[in-house]
Amino acid sequence: MSNFEVDKHKRIYEILSVVKLSSLLFSSIAFLKSYFNNNKSMVESIQSYYSYLSYVILVMVLSLIYIIWIFATVKKNNLKYNMHIQVVENIVFITIFCAAILISGGYESSYKFLFLFIIITTTIQAGMKQGLVVAVISSVIILTIDIVGIQGVEVNKYFEDDLILAGVFILTAWPLGFYVKMESEHIKELQRLVNQDGLTGVYNHRFFHDVLREKVTSYEKENMPISMIFIDIDYFKHYNDLYGHQKGDVVLKGIGTILKNSVKEDDIVARYGGEEFSIILPNTLEKDAISIAESIRRKIEKTYFEGEENQPNGKITVSMGVSIYPDKAKSDVELIKSADDALYRAKFFNKNRVECYTSILDELKNDIEERHIDLVTSIKTLISVINAKDRYTYGHVERVVIYSKMLANKLGLDEEDKKKLIYGAYMHDIGKINIPKEVLNKRMALTSEEWEMLKGHPLNGVEIIKPVESLKDISPLILHHHERYDGKGYPSNLKGEQIPFLARVLTVVDSFDAMTSNRPYNKRKTYDEAIDELKRCSGTQFDPVITRAFIDVILENNCNVGYEPSLDLKSS
(Lines give C-alpha, C1' and ligand atoms only; values in the text may rest on other atoms or scores of the structure.)
Protein backbone atom coordinates (compact mmCIF):
# COMPACT_ATOMS: atom_id res chain seq x y z
CA MET A 1 0.00 0.00 0.00
CA SER A 2 1.38 3.42 -0.97
CA ASN A 3 2.23 6.14 1.54
CA PHE A 4 -0.68 8.17 0.19
CA GLU A 5 -3.13 5.34 0.94
CA VAL A 6 -1.65 4.79 4.38
CA ASP A 7 -2.00 8.49 5.17
CA LYS A 8 -5.56 8.54 3.85
CA HIS A 9 -6.62 5.58 6.00
CA LYS A 10 -5.03 7.11 9.06
CA ARG A 11 -6.87 10.37 8.54
CA ILE A 12 -10.21 8.56 8.11
CA TYR A 13 -9.72 6.56 11.29
CA GLU A 14 -8.70 9.67 13.20
CA ILE A 15 -12.02 11.26 12.22
CA LEU A 16 -13.95 8.11 13.15
CA SER A 17 -12.10 8.00 16.46
CA VAL A 18 -13.48 11.42 17.31
CA VAL A 19 -17.00 10.27 16.40
CA LYS A 20 -16.69 7.18 18.62
CA LEU A 21 -15.25 9.18 21.47
CA SER A 22 -18.21 11.55 21.19
CA SER A 23 -20.62 8.61 21.34
CA LEU A 24 -18.94 7.34 24.52
CA LEU A 25 -19.18 10.79 26.09
CA PHE A 26 -22.90 11.02 25.25
CA SER A 27 -23.58 7.56 26.68
CA SER A 28 -21.61 8.37 29.83
CA ILE A 29 -23.86 11.44 30.32
CA ALA A 30 -26.87 9.11 30.39
CA PHE A 31 -25.20 6.87 32.98
CA LEU A 32 -24.08 9.70 35.21
CA LYS A 33 -27.38 11.59 34.95
CA SER A 34 -29.27 8.50 36.05
CA TYR A 35 -26.82 7.87 38.89
CA PHE A 36 -27.06 11.37 40.28
CA ASN A 37 -30.88 11.42 39.94
CA ASN A 38 -31.06 8.35 42.15
CA ASN A 39 -28.74 9.85 44.79
CA LYS A 40 -30.33 13.07 46.06
CA SER A 41 -27.72 13.82 48.69
CA MET A 42 -24.40 13.21 47.02
CA VAL A 43 -22.40 14.59 49.95
CA GLU A 44 -23.90 11.93 52.21
CA SER A 45 -24.03 9.07 49.76
CA ILE A 46 -20.49 9.53 48.49
CA GLN A 47 -19.36 8.75 52.00
CA SER A 48 -21.08 5.44 51.77
CA TYR A 49 -18.68 2.64 50.94
CA TYR A 50 -21.05 0.91 48.57
CA SER A 51 -22.00 4.08 46.77
CA TYR A 52 -18.35 4.94 46.37
CA LEU A 53 -17.58 1.44 45.13
CA SER A 54 -20.39 1.57 42.57
CA TYR A 55 -19.09 4.89 41.28
CA VAL A 56 -15.56 3.43 40.92
CA ILE A 57 -16.94 0.41 39.08
CA LEU A 58 -18.83 2.69 36.73
CA VAL A 59 -15.64 4.62 35.94
CA MET A 60 -13.70 1.36 35.47
CA VAL A 61 -16.31 0.01 33.06
CA LEU A 62 -16.22 3.16 30.98
CA SER A 63 -12.41 3.07 31.05
CA LEU A 64 -12.42 -0.55 29.90
CA ILE A 65 -14.76 0.34 27.06
CA TYR A 66 -12.45 3.17 26.12
CA ILE A 67 -9.40 0.83 26.12
CA ILE A 68 -11.23 -1.63 23.87
CA TRP A 69 -12.03 1.18 21.47
CA ILE A 70 -8.41 2.44 21.53
CA PHE A 71 -7.15 -1.11 20.80
CA ALA A 72 -9.40 -1.46 17.78
CA THR A 73 -8.48 2.00 16.48
CA VAL A 74 -4.73 1.33 16.81
CA LYS A 75 -5.15 -1.86 14.84
CA LYS A 76 -6.83 0.03 12.05
CA ASN A 77 -4.24 2.79 12.03
CA ASN A 78 -1.62 0.10 11.51
CA LEU A 79 -3.69 -1.11 8.53
CA LYS A 80 -4.05 -4.60 10.01
CA TYR A 81 -7.71 -4.13 10.62
CA ASN A 82 -9.49 -7.37 11.49
CA MET A 83 -13.19 -7.93 10.77
CA HIS A 84 -13.54 -9.90 13.99
CA ILE A 85 -12.34 -6.89 15.99
CA GLN A 86 -14.88 -4.69 14.22
CA VAL A 87 -17.71 -7.11 15.04
CA VAL A 88 -16.66 -7.20 18.70
CA GLU A 89 -16.36 -3.41 18.69
CA ASN A 90 -19.89 -3.04 17.28
CA ILE A 91 -21.34 -5.45 19.84
CA VAL A 92 -19.66 -3.52 22.68
CA PHE A 93 -20.94 -0.16 21.44
CA ILE A 94 -24.48 -1.45 20.81
CA THR A 95 -24.51 -2.95 24.33
CA ILE A 96 -23.37 0.35 25.83
CA PHE A 97 -26.03 2.28 23.94
CA CYS A 98 -28.74 -0.21 24.96
CA ALA A 99 -27.71 0.15 28.60
CA ALA A 100 -27.67 3.96 28.32
CA ILE A 101 -31.19 3.96 26.81
CA LEU A 102 -32.60 1.55 29.40
CA ILE A 103 -31.04 3.34 32.35
CA SER A 104 -32.19 6.76 31.09
CA GLY A 105 -35.87 5.88 30.75
CA GLY A 106 -36.19 3.03 28.26
CA TYR A 107 -38.91 3.82 25.72
CA GLU A 108 -38.98 7.41 27.03
CA SER A 109 -35.20 7.85 26.66
CA SER A 110 -33.89 10.69 24.56
CA TYR A 111 -30.62 8.83 23.91
CA LYS A 112 -31.86 6.52 21.13
CA PHE A 113 -29.98 8.67 18.62
CA LEU A 114 -26.73 7.14 19.96
CA PHE A 115 -27.09 4.27 17.48
CA LEU A 116 -26.47 6.75 14.65
CA PHE A 117 -22.82 6.98 15.75
CA ILE A 118 -22.13 3.28 15.29
CA ILE A 119 -24.19 3.14 12.07
CA ILE A 120 -22.14 5.97 10.51
CA THR A 121 -18.72 4.63 11.59
CA THR A 122 -19.53 1.06 10.54
CA THR A 123 -20.77 2.17 7.11
CA ILE A 124 -17.63 4.24 6.49
CA GLN A 125 -15.33 1.47 7.71
CA ALA A 126 -16.96 -1.64 6.27
CA GLY A 127 -19.37 -0.44 3.60
CA MET A 128 -23.10 -0.34 3.00
CA LYS A 129 -23.85 -4.00 3.76
CA GLN A 130 -22.39 -3.90 7.27
CA GLY A 131 -23.89 -0.47 7.87
CA LEU A 132 -27.38 -1.71 6.98
CA VAL A 133 -26.97 -4.73 9.27
CA VAL A 134 -26.12 -2.45 12.21
CA ALA A 135 -28.98 -0.09 11.25
CA VAL A 136 -31.52 -2.96 11.23
CA ILE A 137 -30.24 -4.33 14.56
CA SER A 138 -30.44 -0.84 16.09
CA SER A 139 -33.99 -0.38 14.76
CA VAL A 140 -35.11 -3.74 16.14
CA ILE A 141 -33.67 -2.87 19.57
CA ILE A 142 -35.43 0.49 19.96
CA LEU A 143 -38.76 -0.87 18.62
CA THR A 144 -38.55 -3.90 20.95
CA ILE A 145 -37.95 -1.60 23.92
CA ASP A 146 -41.11 0.32 22.93
CA ILE A 147 -43.22 -2.85 22.59
CA VAL A 148 -41.98 -4.43 25.83
CA GLY A 149 -42.08 -1.16 27.78
CA ILE A 150 -45.64 -0.18 26.83
CA GLN A 151 -48.30 -2.88 26.68
CA GLY A 152 -52.10 -2.83 26.65
CA VAL A 153 -52.44 0.56 24.95
CA GLU A 154 -54.38 1.09 21.77
CA VAL A 155 -51.87 3.47 20.22
CA ASN A 156 -48.19 3.22 21.12
CA LYS A 157 -47.01 6.77 20.49
CA TYR A 158 -43.34 5.91 21.17
CA PHE A 159 -43.41 3.00 18.70
CA GLU A 160 -44.78 5.27 15.97
CA ASP A 161 -42.10 7.89 16.63
CA ASP A 162 -39.36 5.30 16.72
CA LEU A 163 -40.51 3.84 13.40
CA ILE A 164 -39.48 7.17 11.91
CA LEU A 165 -36.15 6.97 13.78
CA ALA A 166 -35.63 3.44 12.42
CA GLY A 167 -36.20 4.84 8.94
CA VAL A 168 -33.57 7.49 9.65
CA PHE A 169 -31.14 4.71 10.65
CA ILE A 170 -31.74 2.83 7.39
CA LEU A 171 -31.59 5.97 5.24
CA THR A 172 -28.34 6.99 6.94
CA ALA A 173 -26.63 3.65 6.17
CA TRP A 174 -27.99 3.27 2.63
CA PRO A 175 -27.00 6.57 0.91
CA LEU A 176 -23.80 6.82 2.94
CA GLY A 177 -22.93 3.26 1.94
CA PHE A 178 -23.51 4.09 -1.72
CA TYR A 179 -21.27 7.12 -1.41
CA VAL A 180 -18.49 5.11 0.28
CA LYS A 181 -18.77 2.46 -2.44
CA MET A 182 -18.64 5.03 -5.24
CA GLU A 183 -15.70 6.79 -3.64
CA SER A 184 -13.86 3.47 -3.22
CA GLU A 185 -14.49 2.51 -6.84
CA HIS A 186 -13.37 5.96 -8.00
CA ILE A 187 -10.13 5.70 -6.02
CA LYS A 188 -9.49 2.18 -7.36
CA GLU A 189 -9.99 3.41 -10.90
CA LEU A 190 -7.58 6.30 -10.34
CA GLN A 191 -5.05 3.86 -8.86
CA ARG A 192 -5.50 1.56 -11.84
CA LEU A 193 -4.88 4.42 -14.27
CA VAL A 194 -1.83 5.59 -12.32
CA ASN A 195 -0.36 2.10 -11.86
CA GLN A 196 -1.28 0.49 -15.17
CA ASP A 197 0.57 0.52 -18.46
CA GLY A 198 -1.87 2.08 -20.92
CA LEU A 199 -0.97 -0.19 -23.83
CA THR A 200 -0.65 -3.69 -22.37
CA GLY A 201 -2.94 -3.50 -19.34
CA VAL A 202 -0.24 -4.82 -16.97
CA TYR A 203 1.32 -2.70 -14.22
CA ASN A 204 3.80 0.00 -15.15
CA HIS A 205 7.47 0.50 -14.36
CA ARG A 206 6.90 2.82 -11.37
CA PHE A 207 4.40 0.51 -9.69
CA PHE A 208 6.75 -2.43 -10.22
CA HIS A 209 9.51 -0.68 -8.26
CA ASP A 210 7.13 0.47 -5.50
CA VAL A 211 5.75 -3.04 -4.96
CA LEU A 212 9.17 -4.66 -5.13
CA ARG A 213 10.59 -2.36 -2.45
CA GLU A 214 7.55 -2.99 -0.26
CA LYS A 215 7.74 -6.77 -0.71
CA VAL A 216 11.47 -6.96 -0.02
CA THR A 217 11.07 -4.88 3.15
CA SER A 218 8.22 -7.02 4.52
CA TYR A 219 9.62 -10.38 3.38
CA GLU A 220 12.99 -9.59 4.92
CA LYS A 221 11.35 -9.63 8.35
CA GLU A 222 9.40 -12.81 7.60
CA ASN A 223 12.34 -14.54 5.88
CA MET A 224 10.24 -15.43 2.83
CA PRO A 225 11.47 -15.76 -0.78
CA ILE A 226 10.61 -13.48 -3.71
CA SER A 227 11.27 -14.76 -7.21
CA MET A 228 11.54 -12.52 -10.25
CA ILE A 229 11.21 -13.19 -13.97
CA PHE A 230 12.49 -10.78 -16.61
CA ILE A 231 11.06 -11.24 -20.12
CA ASP A 232 12.33 -9.74 -23.39
CA ILE A 233 10.71 -10.25 -26.81
CA ASP A 234 13.25 -11.72 -29.25
CA TYR A 235 14.02 -9.73 -32.42
CA PHE A 236 11.26 -7.23 -31.60
CA LYS A 237 13.05 -4.41 -33.40
CA HIS A 238 13.13 -6.58 -36.51
CA TYR A 239 9.35 -7.10 -36.23
CA ASN A 240 8.70 -3.36 -35.76
CA ASP A 241 10.92 -2.51 -38.73
CA LEU A 242 8.95 -4.94 -40.93
CA TYR A 243 5.38 -4.16 -39.85
CA GLY A 244 5.48 -0.86 -37.98
CA HIS A 245 4.83 0.04 -34.37
CA GLN A 246 1.06 -0.46 -34.54
CA LYS A 247 1.52 -4.16 -35.30
CA GLY A 248 4.22 -4.25 -32.66
CA ASP A 249 1.74 -2.85 -30.16
CA VAL A 250 -0.62 -5.74 -30.94
CA VAL A 251 2.16 -8.17 -30.07
CA LEU A 252 2.88 -6.34 -26.81
CA LYS A 253 -0.82 -6.46 -25.86
CA GLY A 254 -1.03 -10.16 -26.68
CA ILE A 255 2.02 -11.04 -24.62
CA GLY A 256 0.79 -8.86 -21.74
CA THR A 257 -2.49 -10.83 -21.75
CA ILE A 258 -0.64 -14.17 -21.75
CA LEU A 259 1.49 -13.07 -18.82
CA LYS A 260 -1.50 -11.90 -16.77
CA ASN A 261 -3.35 -15.17 -17.41
CA SER A 262 -0.33 -17.28 -16.46
CA VAL A 263 0.25 -16.14 -12.89
CA LYS A 264 -1.60 -16.04 -9.57
CA GLU A 265 -3.66 -13.09 -8.38
CA ASP A 266 -0.96 -11.99 -5.89
CA ASP A 267 1.79 -11.99 -8.53
CA ILE A 268 2.74 -8.68 -10.14
CA VAL A 269 3.11 -8.48 -13.92
CA ALA A 270 4.62 -5.22 -15.17
CA ARG A 271 5.90 -3.71 -18.38
CA TYR A 272 9.45 -2.78 -17.50
CA GLY A 273 10.11 -0.80 -20.65
CA GLY A 274 9.92 -1.17 -24.44
CA GLU A 275 9.60 -4.88 -25.17
CA GLU A 276 10.61 -5.90 -21.64
CA PHE A 277 8.23 -7.31 -19.03
CA SER A 278 8.83 -8.36 -15.44
CA ILE A 279 6.99 -10.58 -12.98
CA ILE A 280 7.27 -10.46 -9.18
CA LEU A 281 6.39 -13.80 -7.59
CA PRO A 282 5.98 -13.37 -3.80
CA ASN A 283 6.67 -16.41 -1.63
CA THR A 284 7.72 -18.49 -4.64
CA LEU A 285 10.73 -20.81 -4.76
CA GLU A 286 13.22 -20.58 -7.61
CA LYS A 287 12.33 -24.00 -9.05
CA ASP A 288 8.66 -22.99 -9.18
CA ALA A 289 9.54 -19.66 -10.81
CA ILE A 290 11.56 -21.51 -13.47
CA SER A 291 8.60 -23.81 -14.10
CA ILE A 292 6.26 -20.81 -14.46
CA ALA A 293 8.71 -19.08 -16.80
CA GLU A 294 9.08 -22.16 -18.98
CA SER A 295 5.30 -22.54 -19.17
CA ILE A 296 4.94 -18.89 -20.27
CA ARG A 297 7.71 -19.29 -22.84
CA ARG A 298 5.94 -22.29 -24.41
CA LYS A 299 2.56 -20.48 -24.46
CA ILE A 300 4.05 -17.50 -26.29
CA GLU A 301 5.91 -19.73 -28.72
CA LYS A 302 2.68 -21.60 -29.55
CA THR A 303 0.59 -18.41 -29.93
CA TYR A 304 0.29 -17.14 -33.49
CA PHE A 305 1.08 -13.48 -34.13
CA GLU A 306 0.53 -11.93 -37.54
CA GLY A 307 3.69 -11.93 -39.66
CA GLU A 308 5.77 -13.96 -37.21
CA GLU A 309 6.83 -16.31 -40.02
CA ASN A 310 9.18 -13.57 -41.20
CA GLN A 311 11.02 -13.40 -37.88
CA PRO A 312 14.61 -14.78 -37.84
CA ASN A 313 13.45 -17.86 -35.92
CA GLY A 314 10.05 -18.07 -37.65
CA LYS A 315 8.06 -17.33 -34.49
CA ILE A 316 7.46 -14.59 -31.94
CA THR A 317 9.43 -15.85 -28.94
CA VAL A 318 10.76 -14.50 -25.66
CA SER A 319 13.91 -14.91 -23.61
CA MET A 320 13.58 -15.03 -19.84
CA GLY A 321 15.83 -14.59 -16.83
CA VAL A 322 15.01 -15.82 -13.31
CA SER A 323 16.47 -14.87 -9.94
CA ILE A 324 15.39 -15.07 -6.30
CA TYR A 325 15.60 -13.02 -3.11
CA PRO A 326 17.32 -13.52 -0.68
CA ASP A 327 19.28 -16.54 -1.97
CA LYS A 328 20.86 -14.77 -4.94
CA ALA A 329 20.20 -11.12 -4.15
CA LYS A 330 20.18 -9.16 -0.91
CA SER A 331 18.13 -6.15 -2.02
CA ASP A 332 15.54 -5.10 -4.59
CA VAL A 333 18.27 -3.55 -6.76
CA GLU A 334 20.36 -6.74 -6.68
CA LEU A 335 17.29 -8.83 -7.50
CA ILE A 336 16.58 -6.74 -10.61
CA LYS A 337 20.21 -6.81 -11.64
CA SER A 338 20.58 -10.58 -11.21
CA ALA A 339 17.35 -11.30 -13.12
CA ASP A 340 18.52 -8.98 -15.90
CA ASP A 341 21.89 -10.75 -16.00
CA ALA A 342 20.10 -14.08 -16.37
CA LEU A 343 18.00 -12.56 -19.16
CA TYR A 344 21.15 -11.41 -20.93
CA ARG A 345 22.45 -14.97 -20.82
CA ALA A 346 19.19 -16.25 -22.30
CA LYS A 347 19.37 -13.65 -25.10
CA PHE A 348 22.96 -14.57 -25.80
CA PHE A 349 22.37 -18.31 -26.07
CA ASN A 350 20.17 -18.29 -29.18
CA LYS A 351 17.16 -16.73 -27.39
CA ASN A 352 13.74 -18.39 -26.79
CA ARG A 353 14.93 -19.90 -23.54
CA VAL A 354 14.81 -19.53 -19.75
CA GLU A 355 18.04 -18.93 -17.84
CA CYS A 356 18.52 -18.86 -14.07
CA TYR A 357 20.99 -16.47 -12.47
CA THR A 358 24.23 -18.07 -11.32
CA SER A 359 27.06 -16.32 -9.52
CA ILE A 360 30.72 -16.86 -10.31
CA LEU A 361 31.31 -16.41 -6.59
CA ASP A 362 29.53 -19.71 -5.88
CA GLU A 363 31.92 -21.48 -8.24
CA LEU A 364 34.88 -19.69 -6.66
CA LYS A 365 33.91 -20.89 -3.20
CA ASN A 366 34.25 -24.49 -4.34
CA ASP A 367 37.83 -23.94 -5.51
CA ILE A 368 39.43 -21.86 -2.78
CA GLU A 369 40.49 -22.64 0.75
CA GLU A 370 37.83 -22.15 3.41
CA ARG A 371 39.91 -19.54 5.25
CA HIS A 372 39.78 -17.33 2.15
CA ILE A 373 35.99 -17.45 1.69
CA ASP A 374 35.44 -14.15 3.47
CA LEU A 375 38.10 -12.44 1.38
CA VAL A 376 36.50 -13.59 -1.86
CA THR A 377 33.11 -12.44 -0.57
CA SER A 378 34.70 -9.05 0.05
CA ILE A 379 36.03 -9.09 -3.51
CA LYS A 380 32.49 -9.61 -4.81
CA THR A 381 31.39 -6.59 -2.77
CA LEU A 382 34.20 -4.55 -4.33
CA ILE A 383 33.07 -5.56 -7.82
CA SER A 384 29.51 -4.47 -6.96
CA VAL A 385 30.89 -1.12 -5.81
CA ILE A 386 32.78 -0.74 -9.09
CA ASN A 387 29.62 -1.49 -11.09
CA ALA A 388 27.77 1.13 -9.05
CA LYS A 389 30.50 3.71 -9.63
CA ASP A 390 30.87 3.07 -13.36
CA ARG A 391 27.32 3.02 -14.74
CA TYR A 392 28.58 2.72 -18.30
CA THR A 393 30.03 -0.72 -17.61
CA TYR A 394 26.86 -2.13 -16.07
CA GLY A 395 26.87 -5.91 -16.55
CA HIS A 396 30.35 -5.77 -18.12
CA VAL A 397 31.82 -8.37 -15.77
CA GLU A 398 28.92 -10.78 -16.28
CA ARG A 399 29.04 -10.48 -20.06
CA VAL A 400 32.82 -10.96 -20.19
CA VAL A 401 32.39 -14.12 -18.10
CA ILE A 402 29.77 -15.47 -20.55
CA TYR A 403 31.98 -14.74 -23.56
CA SER A 404 34.99 -16.31 -21.81
CA LYS A 405 33.13 -19.55 -21.10
CA MET A 406 32.11 -19.88 -24.73
CA LEU A 407 35.54 -19.02 -26.09
CA ALA A 408 37.20 -21.44 -23.64
CA ASN A 409 35.08 -24.27 -25.10
CA LYS A 410 35.92 -23.18 -28.64
CA LEU A 411 39.66 -23.17 -27.88
CA GLY A 412 39.43 -26.56 -26.17
CA LEU A 413 40.93 -25.37 -22.89
CA ASP A 414 41.28 -27.92 -20.11
CA GLU A 415 39.22 -27.52 -16.96
CA GLU A 416 42.02 -25.85 -15.02
CA ASP A 417 42.66 -23.17 -17.65
CA LYS A 418 38.92 -22.69 -18.16
CA LYS A 419 38.51 -21.89 -14.45
CA LYS A 420 41.47 -19.50 -14.53
CA LEU A 421 39.98 -17.66 -17.50
CA ILE A 422 36.52 -17.40 -15.94
CA TYR A 423 37.80 -16.24 -12.56
CA GLY A 424 40.16 -13.79 -14.27
CA ALA A 425 37.24 -12.45 -16.31
CA TYR A 426 35.24 -12.00 -13.12
CA MET A 427 37.97 -10.00 -11.38
CA HIS A 428 39.85 -8.32 -14.21
CA ASP A 429 38.62 -4.78 -13.41
CA ILE A 430 38.72 -5.01 -9.61
CA GLY A 431 41.57 -2.51 -9.50
CA LYS A 432 39.17 0.23 -10.59
CA ILE A 433 37.97 0.45 -6.99
CA ASN A 434 40.67 3.08 -6.38
CA ILE A 435 39.69 5.24 -9.38
CA PRO A 436 37.31 8.15 -8.69
CA LYS A 437 33.81 7.95 -10.12
CA GLU A 438 34.35 11.23 -11.95
CA VAL A 439 37.25 9.72 -13.91
CA LEU A 440 35.42 6.48 -14.75
CA ASN A 441 32.39 8.38 -16.09
CA LYS A 442 34.18 11.31 -17.69
CA ARG A 443 32.77 12.13 -21.15
CA MET A 444 35.66 14.29 -22.29
CA ALA A 445 39.20 13.09 -23.02
CA LEU A 446 41.19 12.14 -19.92
CA THR A 447 44.10 14.30 -18.84
CA SER A 448 47.57 12.73 -18.71
CA GLU A 449 47.28 12.37 -14.96
CA GLU A 450 43.85 10.75 -15.18
CA TRP A 451 45.03 8.38 -17.90
CA GLU A 452 47.98 7.26 -15.77
CA MET A 453 45.55 6.70 -12.90
CA LEU A 454 43.32 4.53 -15.11
CA LYS A 455 46.30 2.55 -16.43
CA GLY A 456 47.17 1.65 -12.87
CA HIS A 457 44.09 -0.50 -12.31
CA PRO A 458 45.71 -3.83 -13.40
CA LEU A 459 48.47 -3.43 -10.79
CA ASN A 460 45.93 -2.37 -8.16
CA GLY A 461 43.84 -5.46 -8.95
CA VAL A 462 46.78 -7.78 -8.43
CA GLU A 463 47.50 -6.17 -5.05
CA ILE A 464 43.87 -6.66 -3.95
CA ILE A 465 43.81 -10.42 -4.61
CA LYS A 466 47.40 -11.05 -3.41
CA PRO A 467 46.29 -12.16 0.12
CA VAL A 468 44.24 -15.02 -1.40
CA GLU A 469 46.78 -17.71 -2.17
CA SER A 470 44.21 -19.72 -4.13
CA LEU A 471 43.86 -16.86 -6.64
CA LYS A 472 47.54 -16.35 -7.45
CA ASP A 473 47.17 -18.16 -10.81
CA ILE A 474 44.77 -15.51 -12.11
CA SER A 475 47.11 -12.60 -11.30
CA PRO A 476 48.69 -12.67 -14.81
CA LEU A 477 45.25 -12.25 -16.40
CA ILE A 478 44.41 -9.25 -14.24
CA LEU A 479 47.85 -7.72 -14.73
CA HIS A 480 48.16 -8.16 -18.51
CA HIS A 481 44.61 -7.94 -19.92
CA HIS A 482 45.46 -4.51 -21.42
CA GLU A 483 48.65 -5.61 -23.19
CA ARG A 484 48.60 -5.40 -26.99
CA TYR A 485 49.84 -8.07 -29.40
CA ASP A 486 52.13 -5.47 -31.04
CA GLY A 487 53.72 -4.49 -27.68
CA LYS A 488 52.03 -1.09 -27.35
CA GLY A 489 49.81 -1.98 -24.40
CA TYR A 490 50.25 -1.58 -20.65
CA PRO A 491 51.50 -1.99 -17.96
CA SER A 492 54.55 -3.99 -19.21
CA ASN A 493 54.56 -3.44 -23.02
CA LEU A 494 54.68 -7.19 -23.57
CA LYS A 495 54.51 -8.39 -27.18
CA GLY A 496 53.08 -11.44 -28.95
CA GLU A 497 53.57 -14.66 -27.06
CA GLN A 498 55.31 -12.83 -24.23
CA ILE A 499 51.78 -12.06 -23.10
CA PRO A 500 50.32 -15.01 -21.13
CA PHE A 501 47.94 -16.96 -23.37
CA LEU A 502 44.89 -16.60 -21.11
CA ALA A 503 45.54 -12.86 -20.81
CA ARG A 504 45.46 -12.64 -24.64
CA VAL A 505 42.14 -14.47 -24.61
CA LEU A 506 40.73 -12.09 -22.01
CA THR A 507 41.94 -9.06 -24.00
CA VAL A 508 39.86 -10.05 -27.02
CA VAL A 509 36.73 -10.74 -24.98
CA ASP A 510 37.08 -7.62 -22.82
CA SER A 511 37.64 -5.37 -25.84
CA PHE A 512 34.67 -6.81 -27.75
CA ASP A 513 32.30 -6.12 -24.84
CA ALA A 514 33.75 -2.62 -24.40
CA MET A 515 33.03 -1.91 -28.07
CA THR A 516 29.45 -3.19 -27.87
CA SER A 517 28.63 -1.32 -24.62
CA ASN A 518 27.83 2.34 -24.09
CA ARG A 519 30.90 4.17 -22.85
CA PRO A 520 31.38 7.85 -21.96
CA TYR A 521 34.00 8.27 -24.65
CA ASN A 522 32.46 6.34 -27.56
CA LYS A 523 29.12 5.23 -28.97
CA ARG A 524 28.41 1.50 -28.76
CA LYS A 525 29.03 -0.54 -31.87
CA THR A 526 26.71 -3.17 -33.26
CA TYR A 527 27.95 -6.76 -33.16
CA ASP A 528 28.73 -6.60 -36.89
CA GLU A 529 30.72 -3.38 -36.45
CA ALA A 530 32.60 -4.86 -33.48
CA ILE A 531 33.48 -7.98 -35.50
CA ASP A 532 34.86 -5.75 -38.27
CA GLU A 533 36.94 -3.92 -35.65
CA LEU A 534 38.30 -7.23 -34.31
CA LYS A 535 39.32 -8.22 -37.83
CA ARG A 536 40.97 -4.83 -38.45
CA CYS A 537 43.00 -5.03 -35.22
CA SER A 538 43.90 -8.72 -35.56
CA GLY A 539 47.68 -9.04 -35.42
CA THR A 540 48.18 -5.57 -33.94
CA GLN A 541 46.02 -5.27 -30.84
CA PHE A 542 44.79 -8.88 -30.71
CA ASP A 543 46.19 -12.37 -31.15
CA PRO A 544 44.99 -13.39 -34.65
CA VAL A 545 44.27 -17.04 -33.77
CA ILE A 546 42.23 -16.14 -30.71
CA THR A 547 40.46 -13.37 -32.62
CA ARG A 548 39.39 -15.76 -35.36
CA ALA A 549 38.09 -18.27 -32.82
CA PHE A 550 36.10 -15.60 -30.96
CA ILE A 551 34.52 -14.27 -34.16
CA ASP A 552 33.41 -17.84 -34.92
CA VAL A 553 31.88 -18.09 -31.44
CA ILE A 554 29.89 -14.90 -31.97
CA LEU A 555 28.61 -15.98 -35.38
CA GLU A 556 27.87 -19.57 -34.32
CA ASN A 557 25.75 -18.35 -31.40
CA ASN A 558 23.70 -16.08 -33.61
CA CYS A 559 24.82 -12.99 -31.71
CA ASN A 560 24.68 -10.61 -34.67
CA VAL A 561 21.50 -9.11 -33.22
CA GLY A 562 22.76 -7.57 -30.00
CA TYR A 563 21.03 -7.17 -26.65
CA GLU A 564 21.53 -4.11 -24.53
CA PRO A 565 20.68 -4.20 -20.80
CA SER A 566 17.87 -1.93 -19.64
CA LEU A 567 18.79 1.76 -19.57
CA ASP A 568 17.02 2.11 -16.23
CA LEU A 569 19.21 -0.56 -14.73
CA LYS A 570 22.37 0.96 -16.06
CA SER A 571 21.61 4.23 -14.41
CA SER A 572 20.54 2.73 -11.12
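Points worth noting:
- For segment 437-532, chymotrypsin sites (Phe, Trp or Tyr not before Pro) meeting the loop criterion (DSSP other than H, G, I, E, B) and having at most 15 other Cβ atoms within 10 Å: 521.
- Backbone N under 16 Å from the residue 190 label point (7 Å along Cα→Cβ), restricted to segment 203-239: none
- Our note on the geometry: Cα centres of segment 108-176 and segment 238-278, 54 Å apart.
- Full extension of the chain between residue 434 and residue 25 yields a length gain of 140.4 nm, computed as 0.36 nm times the residue separation minus the alpha carbon distance.
- Share of carbon and sulfur in the accessible heavy-atom surface of segment 276-332 [1.4 Å probe, %]: 49 percent
- Violating pairs (Cα-Cα greater than 24 angstrom) within the set 302/347; 405/472; 418/466; 215/253; 260/315; 337/466: 215/253; 337/466
- Calculated FRET efficiency, residue 498 to residue 359, Cβ-Cβ distance, R0 = 56 Å: about 0.95 to the nearest 0.05.
- Candidate residues 207, 178: accessible-area rank, largest first, probe 1.4 Å: 178, 207
- Ranked by solvent-accessible area (1.4 Å probe, protein heavy atoms only, all chains present), the residues 353, 345, 484 order from largest to smallest as 353, 484, 345.
- Approximate spin-label separation residue 247-residue 414, in nm, with each point projected 7 Å along Cα-to-Cβ: 5.5 nm
- The three principal axes of the Cα atoms in segment 215-345 give end-to-end lengths of 49, 24, 22 Å, sorted in falling order.
- Each of 11, 206, 297 has its accessible area taken with a 1.4 Å probe; listed largest first, they run 11, 206, 297.
- Probe 1.4 Å - accessible area at residue 398, Å² to nearest ten: 40 Å²
- Distance-filtered residues of segment 287-316 - backbone nitrogen under 16 Å, label point 7 angstrom along residue 238 Cα→Cβ: 301, 305-316
The values are calculated or read from the model by the stated rules, or taken from the named source; none is laboratory data. Quick caveat, the model's predicted, so the values are computed rather than measured. A quick note on method: Cβ atoms are made from the backbone with ideal geometry, for glycine too, and the neighbour counts reach across all protein chains shown. Side chains are part of the model used for accessible areas, which takes the heavy atoms of the whole protein and leaves out ligands, DNA and RNA. Shrake-Rupley method; radii C 1.70, N 1.55, O 1.52, S 1.80 Å.
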